Structure formats: structure tokens, C-alpha cells
Amino acid sequence: MIRAVIVDVDDTLCLTQAAALALENEVLAEMGRPPIPPHVHLSTWGAPLLDAMPTRSPGLDLVRFTALHQRALERHIADGRLDVIPPENLRALDEFVLAGRAVFLLTSRTEDEVRHMLAPDHVLATRVSGVYHAGNTRFRKPDPRAFDELLTSTGLPPTQCVYVGDSPGDALAAGGAGLHFIGCLQSRIRTPADFDPRYVDAFVDAFPDIVDAVRQLDPVTPVSGG
């Protein structure tokens, strides 16, 4: 059976692309720089922030941007403008836990960018068994080795794990590591045509639909004849 459901954060667990664009443009305005065009942000969405920013804002002082971005990030989270997890998504995680499936997060974000999700009083604290990020993994998606630390620390076989993500790189990483993959299309940024079908077990239009999609991945036990 599927013993572990591993979930991406951005535009999977919570919708963040538009919120991230607003946050980054706020920081750039503070630095006296022009805003990022929406199409440029979309074309680089999914890459680690500091890898993407030279394309989003050529010539940017990354050291200063990083310091200002961290402060702005904390404000946006405190104000409820970023990383808001809808109640129905939390209920989906609860269903996995009740069914005996472990839930993990795996993201390309830095530790600073997910620190608030690691707090003992966060809504994920009782639902998620572990969080894997750029601070405790050696490789980033789409490299399949992004799952190395999770698989090693848990001892789970890849075939008993499913990764839920929103990008073709998520599918490539999961498939290369031998995991199942479910594409979540709720952000409407991507369509099934963007993905290599070899690495996708199912697509869902909304995050809560992953509960049924994961259930479909479990083998059916034959009923003995009388």
C-alpha cells in the first residue's frame, strides 16, 4: 500500500505564485527597482528563489535582497498574505493520517522560508511527520536525489511513496526516484500537456482530490471465492 504521502508546498499545499510575486515586487520597490513582469515570474516559477531572481530582476544585489526579503516574508506570513493553507487541504492531510499514511513535506525552499511551518504550534505540527527542504537535503528538484534523505531516514521503499506536486520538475524528480506522482493543477499555471506522462500516475484539479487519487494507487486485494 501507499505508506507515505509527500507533498510539495508552493502551489500544491497552498497557492503561492501570485502571493510570492507581490512579496518580491514589494521588496524590489523598497530597493528602488522596477517590478517583475508576471510572465517572467511564471517562466521561472519553481526554481529556488535566489536562482530565479537574476532572471526576474537582472543586476539585482542578492545579498541586500535576501535580507529585505526575509523581513518582508515574516510580515506577509503574519498578515495572512502568504502560506495560508485552506481548511479543506488540512482535512485531506487528516484523512491520510487517519488512514495510517505518513505525511511529509518536500520543497526546494530554504530553511528560513519554511521555518514558520516547523513551529510546534503551526497547523501542520500534528499532521506532518517531517519537512525536507534546502537546509537538510543535498539536492534540489528536478534531481531525483532530492528524495535521498527522506527515503534514507524513513527506510520507506520508493514504491510505497507518492509525491504530490504542481510542476513537470516535481514529476521528473519523483519518477526518477521510483516514487508515484500525482500532479495537482489547482493553480491553473500548468496543464497535463506540460508533463511527461511516463512519470504521472494521476492529475487532480483540487488538492483535496488527492485523497481519492492516492486510494486508487493501493493494490486491490482479491476476494477469496467460496
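Taken together, the criteria place residue 182 among residues that are part of a strand (DSSP E or B), crowded, with 18+ Cβ neighbours inside 10 Å, modelled with pLDDT of 95 or more and assigned by TED's automatic domain parsing to the domain that holds residue 157. Which residue out of 82, 42, 21 is in contact (Cβ under 8 Å) with a residue 24 or more places away in the chain and crowded, with 18+ Cβ neighbours inside 10 Å? Only one candidate passes the filter, namely 82.
The values are calculated or read from the model by the stated rules, or taken from the named source; none is laboratory data. Because the structure is predicted, anything quoted here is derived from the model rather than measured. Ideal geometry is used to build each Cβ from the backbone, glycine not excepted, and the neighbour counts take in all protein chains shown.
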